[in-house]
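Visitor: Got a structure for you, written out below as structure tokens; questions coming shortly.
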């Protein structure tokens, strides 16, 4: 996105101006491809409970069966926050009352994560995707994709595979790039991970073409008046003599970024179960020492501080 973007973006992140940050991240998600990961929560003590992650481009209230459960972006991913398995009415209400709320049904399955992404824009520009992981009796992973509108083109790893509704049982147990698009609509791009003995169900709501311009205009409008904040003014917690262990993920790795945010570039990857010295904790991110010459940031949601 260029050096000018990072200079402006960093000041917004550091000042913890959440609303403006979400608009900037939305631009990144659409242009670079939204990364929606699916995690098998092997550490759950209760197999009857699952996790729910909600990503939005604007600050929004989240309701399950009419009960408010938090503010998006949100992840009910820890043992004491997980949700009883079942089918729920999900409603996401943006703080901006000029944007319509999003309502759908979600299925929470025991021991896995359901991931929902909603890009709030005016009218038909809005889009969404829902990823639901289900355990299956077949060792071969299974992929099911539906879209609104239907008959959207499915492209996996740059190869056109067919149109929605789409069903596949021949994908390798690995990470894949998934793109879903249709003429006149904004293409959705995401990274998915196929897992043995699991079925991944992907539901996509495509927004009409022009969403990029709408998001860029939102970011520009909502970023006006942002004050520069020096990096040394950021509140951090310095931690000494502590370590971090990477939690189990189906990918077998966790991305390490150059800064505390998903907009920072990936510098390396670390494996499940690896332990590293903790440098500091910062707004939901942990800086870890990889080796004598390398350090980086990982999401605190996927690591355990010892």
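Since every read-out is calculated from the coordinates, none of them should be taken as a lab result. Computed from a prediction, not measured in an experiment: that's the story for all the values here. Every residue, glycine as well, gets a Cβ built from its backbone with ideal geometry; the counts of neighbours run over all protein chains shown.
Visitor: If the chain between residue 158 and residue 245 were fully stretched, how many nm would it gain, using 0.36 nm times the residue separation less the Cα-Cα distance?
Guide: That pair, residue 158 and residue 245, stretches by 27.9 nm at full extension.
Visitor: Quick check: Cα centre of region 167-203 to Cα centre of region 50-102, how many Å?
Guide: Cα centroid of region 167-203 versus Cα centroid of region 50-102: 23 Å apart.
Visitor: Continuing with this model, one more query. Please give the peptides 159-170, 191-202, 71-82 ranked by average Cβ packing (other Cβ atoms within 10 Å per residue), highest first, as a rough proxy for protection.
Guide: 191-202, 71-82, 159-170
Visitor: Between residue 292 and residue 65, what is the spin-label point distance in nm, taking each point 7 Å from the Cα along the Cα→C-beta axis?
Guide: The two pseudo-label positions are separated by 5.7 nm.
Visitor: According to a simple spin-label model (label point 7 Å from Cα along Cα-to-Cβ), what is the distance in nm between residue 197 and residue 172?
Guide: Simple spin-label model gives 2.3 nm for this pair.
Visitor: Let me ask something additional. Given the Cα-Cα distance of residue 136 and residue 301 and 0.36 nm per residue of separation, how much length would full extension add, in nm?
Guide: Fully extending the segment from residue 136 to residue 301 adds 56.8 nm.
Visitor: Further question: For residue 148 and residue 103, calculate 0.36 nm times their separation in residues minus their Cα-Cα distance, and state this gained length in nm to one decimal.
Guide: Taking 0.36 nm per residue and subtracting the Cα distance, the gain is 14.8 nm.
Visitor: How would region 235-305 be classified by its alpha-carbon gyration tensor: rounded, prolate or oblate, with rounded meaning a/c under 1.5 and the a/b versus b/c comparison settling the rest?
Guide: In terms of gyration-tensor shape, rounded.
Visitor: Now for a different question. Taking the Cβ-Cβ separation of residue 269 and residue 87 as r and a Förster radius of 41 Å, what is the calculated FRET efficiency to the nearest 0.05?
Guide: 0.75
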